[in-house]
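One structure is given below, encoded as structure tokens.
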Amino acid sequence: MQDIMQFAGSHTILSLAWVVLLVLVIVTTVKGMFSKIKTISRSEATHLINKEEAVVVDVRSRDDFRKGHISNAINVLAADIKKGSFGELEKHKAQPVIVVCANGMSAAEPAAQLNVAGFEQVYILKEGITGWSGENLPLVRGK
């Protein structure tokens with residue numbers, strides 16, 4: 001214990017950075033545990049799509065969507081969701097909704113906005129389309 005205190009005294013900036021990172025990890029973990037929006041794996045997504053008629057919402061650009069998307073996915077831009085313009089997605093509020101982006105990083109904000117708008121079950125696909133195609137799962141081109 002004395003070594004830790006001596007190290008912290010000699011390296012205050014490094015020690016503060018470590019404490020800040022520890023707090024951020026704890027906050028992120030707790031926030032994820034209590035969030036209404038869950039990140040799901042590809043197998044969980046296929047189960048929701050096949051068994052519970054989940055709706056896949058692809059928030060990538062129209063060009064990226066045309067290059068390859070999950071079958072029956074609805075392309076709604078993140079900017080449109082932010083404006084509250086859900087288009088044909090509005091009629092699926094009671095169904096599970098899986099939000100998909102390119103790599104799983106930019107889907108959180110649109111998913112949160114859908115949840116606030118009254119969509120009951122909102123999920124984010126872990127690793128997005130990159131992870132989906134990385135496991136050789138089918139993609140539809142065009143449309």
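None of the figures in this text is laboratory data; all of them are computed from the coordinates on show. Everything numeric in this text was worked out from a predicted model, so none of it was measured. Quick reminder, even Gly has a Cβ in these numbers, built from the backbone with ideal geometry, and neighbours come from all protein chains shown.
Based on C-alpha coordinates, I'd like the Rg and Dmax of the stretch 65-138, in Å.
12.0, 34
With a point put 7 Å past each Cα toward its Cβ, work out how far T12 is from D80 in nm, to one decimal.
Result for the modelled spin labels: 5.4 nm.
Which option, [x] 38, 35, 30; [y] 64, 33, 28; [z] 61, 36, 33, is the value of Cα extents along the principal axes in Å that was calculated from these coordinates?
Calculated Cα extents along the principal axes in Å: the matching label is [y].
Label points 7 Å out from Cα along the Cβ direction at K67 and A117: separation in nm?
Rounded to a tenth, the inter-label distance reads 2.5 nm.
Please identify the helices of the chain, taking whole runs of DSSP H, that span at least 15 Å along their own axis as judged from the Cα atoms and have a mean Kyte-Doolittle score of -0.5 or higher.
Correct list, ordered by number: 12-34.
By how many nm would the segment from S35 to E53 lengthen if fully extended, with 0.36 nm per residue of separation less the alpha-carbon distance?
Answer, rounded to one decimal: 4.2 nm.
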